[in-house]
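Below: the structure, in structure tokens.
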Amino acid sequence: MSNFTWIDGGIVGVYLAVTMAAGVMVRKYVGKVEHFLVAGREMNLYLGIASLAATEFGVVTCMYAAQNGYDKGFAGATPGILYALAMLVVGLTGFCIKPLREAGVVTIPELFENRFGPRIRWLAGVVIVLGGLLNMGVFLRVGGDFLVQTCGMDAKWLVGTMGALLAAVALYTILGGMLSVLVTDFMQFIVMSAGLVVVTFLILHDVGWSKMVETVAQHHGEGGFNPFKHKDMGVDYVVFMGLVNLAAVLTWQTMIQRLLSAKDARTGRRIYAQTSFFFVCRFLIPGIWGVAALTAFAPDQLPTLFAGEEEARRSLLAMPRYLSTAVPMGLMGILVAAMLAADMSTDSAYMLTWGSVIYNDILAPFRRKWSERRGILINRMIVALIGVFLFFFGLYYELKGDVWTYLTVTGAIYLSSMSILLIACCYWRRANSWGAGAAIVVGAAIPIFLLVMQQSDRYKAWHDEWQYVVGSCTFLAAGVAMVVGSLLKPRQPGDADAVTKGVA
């Protein structure tokens, strides 16, 4: 029985009304495509930190991090630690992101055209959108699952919940673009942070830190604290997560869009460096919620608790089911408002991000004579179509395995190749379009192969055993393809130079 009451519903309703009003009001300031996609490149440090933190913490983040906490104990926060380290190093050194921001582009593929030509720009755009939309495809379903479990709603309301979430986010994103996203992100960051802190203190008071440590030791042993000792992690897991997180810091388009919206390269670097610690909290706080759920519901209780659900989904649903009874009335409304804030900021930014790549790169050959007004209209139509895709994909795609693994594999469809291309574009003068094309094809083919194996009952056991090794090899293979392809057909005199010779 959930503690969600009409009082909590009122709190959520007020929050949604204020957010929607703020998001829609800024539409009158959108006069150019640049305003719609990168907010006129006027984002300052503090707005950038709030926007990046809000965007990269959604309900799906909370759910997969809590599932990691339930399944892996405190060691489940390992990806967050690696992510934070990568962000800090890149922010302090400016590795790749400094020349990228100084290039004045709207997307990463636009930078590639300057070095590798329009065909590579188009191909990079296709791969980025493919990986990005597949990655985001499960967001709505997971967000709907959280609300259904936490609020005690009947499962039949899942489809309606998904549709309502999407419609609310799509409305202000379509009207205001990046300006709406930044304004609502700031509000959502405040609500989200307050909700996370309050609920975490409540859980620590309710369960107790020593009890959670004891539970992790009981169910996971040493592996619950050390990722190298956990049966489902190990060296191959840590290496793959390190590569994925570094590549995401360099090329994940939602993060890069904040960099490219910053006032200058220095501001972009400071946003990265000063947001880095948040990425530890991004995994650790929901991970604590997952451990609390493990304390309340042992693994042998899940088949009864979630009868009829797939095995992989049971640990995913444990955390929201625990919160539904552990969080009291009134505070439940704040929790749901915080999670809606997180979900709306993530969904709006991601829809705009992949839409910007479709418009700026995939449609680049067709939009040379489009006016600003027509360009904004096309962008709004693209965001709307992305919303339709996300609704039906989330409704019908059957996710097998844990959510975080799915997200890393789909993300790797473009992270492996785009990170190699970006590094080569910035620092290797001999890189050319042959190597870039080979890296894109190889980098996309291996993760797609892994997704196919994951869906096959016959090969799923093989997939589960080798997925992290094969995932790491994807980065190596993309790098080799770049080198071999470039050396087979060396660059000719007069070809474009590297973007930069080094990092300041």
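The values are calculated or read from the model by the stated rules, or taken from the named source; none is laboratory data. Model, not experiment: these values are computed from the prediction. Cβ atoms come from the backbone with ideal geometry, glycine included; neighbour counts cover every protein chain shown.
Table for the structure above
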item: Which listed residue is under 24 Å from Val452 (Cβ atoms), surrounded by fewer than 24 Cβ atoms within 10 Å (Cβ to Cβ) and out of contact with any Gly (no Cβ under 8 Å at 6 or more places or on another chain), from Tyr406, Tyr397; result: Tyr406
item: Qualifying residue in the stretch 485-498 (condition: at pLDDT 85 or above, of a type in the set (Ser, Thr, Tyr), over 14 Å from Ala436 (Cα atoms) and surrounded by 20 or more Cβ atoms within 10 Å (Cβ to Cβ)); result: no
item: Failed condition for Ala439, given (1) farther than 16 Å from Ala124 by Cα; (2) in contact with a Leu (Cβ under 8 Å, 6 or more places away or on another chain); result: (1)
item: Residue satisfying condition, being under 14 Å from Ala247 (Cβ atoms), crowded, with 23+ Cβ neighbours inside 10 Å and modelled with pLDDT of 90 or more, within set Ile440, Ile423, Ile413; result: Ile440
item: Selected residue (only one of Met339, Met329, Met255 is part of a loop (DSSP other than H, G, I, E, B) and either of a type in the set (A, V, I, L, M, F, W, C) or surrounded by 24 or more Cβ atoms within 10 Å (Cβ to Cβ) (or both)); result: Met329
item: Among residues of the stretch 95-124, those that are assigned to a helix (DSSP H, G or I) and under 23 Å from the mean Cα position of the chain (by Cα), counted; result: 13
item: Residue among Gly58, Gly91, Gly80 that alone is over 24 Å from Asn226 (Cβ atoms) and within 13 Å of the chain's Cα centre (by Cα); result: Gly58
item: Selection status of Ala124, among the hydrophobic types (A, V, I, L, M, F, W, C), surrounded by 22 or more Cβ atoms within 10 Å (Cβ to Cβ) and more than 20 Å from Val357 (Cβ to Cβ); result: no
item: Identity of the residue in the stretch 296-323, crowded, with 20+ Cβ neighbours inside 10 Å and among the hydroxyl-bearing types (Ser, Thr, Tyr), that ends up farthest from the chain's Cα centre (by Cα); result: Tyr322
item: Residue under evaluation Gly195, criteria (1) over 20 Å from Pro79 (Cβ atoms); (2) of a type outside the set (S, T, N, Q); (3) at pLDDT 85 or above, criterion not met; result: (3)
item: Odd one out for Arg313 among (1) assigned to a helix (DSSP H, G or I); (2) of a type in the set (D, E, K, R); (3) modelled with pLDDT under 80; result: (3)
